[in-house]
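The next block holds one structure in the form of structure tokens; read it before the comments.
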Amino acid sequence: MVEIVTVDTVTKLDEGHRGKVLIGGSHGGVYAGYLAARAGVRAVILNNAGVGRDSAGIGSLAYLDRLGLAAATVSHETARIGDGGDMAARGVISHVNRTAEALGCAAGQACRDCAARMRDAAPATAVPPLYEEARFLLRAAPDTPGAPEVWGLDSASLIGPDDDGRICITASHGALLGGKPDHAIRARPAAAVFNDAGVGIDDIGISRLPALADRGIPAATVAAASVRIGDARSAWETGIISHVDAPAAALGAAPGQDLQTFVDLVIAHQSPIRIKAPRED
């Protein structure tokens, strides 16, 4: 029988997932769908991340239809984004693509029941064209010594040691993967921004904020309805702050501000000479 497997993120798939039905904790944007298709899964269920602006949170469904791959999303109000096990246990399907619908999948089904129907999907044969997430400089550092650069990253998985001391505008959801605080971020940025993914059940979409506050990192989420999840440039251009952590609030950041105002506040409060904090991860 075709195996059903769960993962907290589709950014770490490998050959062992080929041919299986995957329940992945990632948002249902196009790039997540691409990663699932590239890994050769038989079918995939993702999280709708609040659907959001331009329905970006379910953007993978039409994309995967073109590849003949069955796909669905669970409602962010029924299961935690970033937690594949919880999606399998509690998730309720919110959207399906045409390929999944032909297998009997439908909105309102339990995630596990939808996944069972997906066992009947034909193995994928189409190879997805290359789709690369991007990272790019959004704003160069001001002339003030120690002031940070502002970088856009379509996924938090792109953050690395080079981002220490930068302001990182990510288009990823603001949930802790598997609820693990040590997975909050892989750097020591001057500040970090995520998508609140509609916040969702258990306030999961903003659960990175307390973990980042514990490390003294100003952090915020932008409202899913204001931006396209998975698109950092969209966050930069139209993002509206929905939640902030305590270090960010101490700088004057607050819900309702536009994202660039938040960035201005972070830059304004940087010390003239930045001394990089020791790494904790």
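Just a few scattered comments:
- Residues in the range 154-165 carry Karplus couplings, in order, of 5, 9, 5, 5, 8, 6, x, x, 5, 8, 4, x Hz; the curve used is 6.51 cos²θ - 1.76 cosθ + 1.60 with θ = phi - 60°, and Gly or Pro positions show x.
- The amide H of T6, built 1.01 Å from its N in the peptide plane, has I23 as neighbours under 5 Å, considering only residues 5 or more places off or on other chains.
- Close amide H contacts of V51 (hydrogens built in the peptide plane, cut-off under 5 Å, sequence separation of 5 or more or a different chain): G57.
- Karplus-derived HN-Hα couplings along the range 247-258 (A = 6.51, B = -1.76, C = 1.60, θ = phi - 60°), whole Hz, x at Gly and Pro: x, 5, 4, 5, 8, x, 6, 7, x, x, 6, 7
- Derived scalar couplings ³J(HN,Hα) [the range 184-194; Karplus, 6.51 cos²θ - 1.76 cosθ + 1.60; whole Hz; x for Gly, Pro]: 4, 6, 9, 6, 10, x, 5, 6, 9, 10, 10
- Over the C-alpha trace of the chain, radius of gyration and Dmax come out as 18.8, 62 angstrom.
- From the C-alpha gyration tensor of the range 24-142, square roots of 5λ in Å: 25, 18, 11
- Apportionment of accessible area to carbon and sulfur, the chain, percent (1.4 Å): 52
- Less than 5 angstrom separates the built amide H of H243 from those of T221, all sequence-distant by 5 or more or on a different chain.
- Mean separation of Cα pairs under 8 Å and 6 or more residues apart, divided by the residue count, gives the range 46-174 a relative contact order of 16 percent.
- Kirkwood hydrodynamic radius of the range 83-186, from the reciprocal of the average inverse Cα-Cα distance over all distinct pairs: 17.4 Å.
- Rounded to the nearest 20 debye, the dipole size of the chain about its Cα centre is 460 debye, using +1 on the Cβ of Lys and Arg and -1 on the Cβ of Asp and Glu.
- Think of the chain as having a plus end and a minus end, set by charges on the Cβ of Lys, Arg, Asp and Glu; of A190, Y63, V227, Y63 sits farthest toward the positive end of this dipole.
- Computed Kirkwood radius, in angstrom, where 1/r is averaged over Cα pairs of the range 172-221: 10.5
- Taking N as its residue count, the alpha carbon Rg of the range 138-211 over 2.2 N^0.38 Å: 1.14
- Sum of -39500 (n - 2.57) over DSSP H runs of 4+, divided by residues of the chain (222 nm, nearest 500): -5500 deg cm²/dmol
- The range 1-85 shape via C-alpha gyration tensor axes, a/c threshold 1.5: oblate
- Cα-only Debye scattering, the range 138-281: base-10 log of I(q)/I(0) at q = 0.18, 0.22 Å⁻¹: -0.95, -1.50
- Nearest-ten-degree value, helix 259-268 long axis tilted from longest Cα axis of the chain: 30
- Antiparallel DSSP beta bridges within the chain, as percent of all bridges there, nearest 5: 30
- The Cα-based radius of gyration and maximum Cα-Cα distance (Dmax) for the range 8-50 are 9.2, 30 Å.
The values are calculated or read from the model by the stated rules, or taken from the named source; none is laboratory data. Keep in mind the model is a prediction, meaning the values are calculated, not measured. As a convention, Cβ positions derive from the backbone with ideal geometry for all residues, glycine included, and neighbour counts pool all protein chains shown. Areas reflect the complete protein model, heavy atoms only, side chains present, ligands, DNA and RNA absent. Shrake-Rupley method; radii C 1.70, N 1.55, O 1.52, S 1.80 Å.
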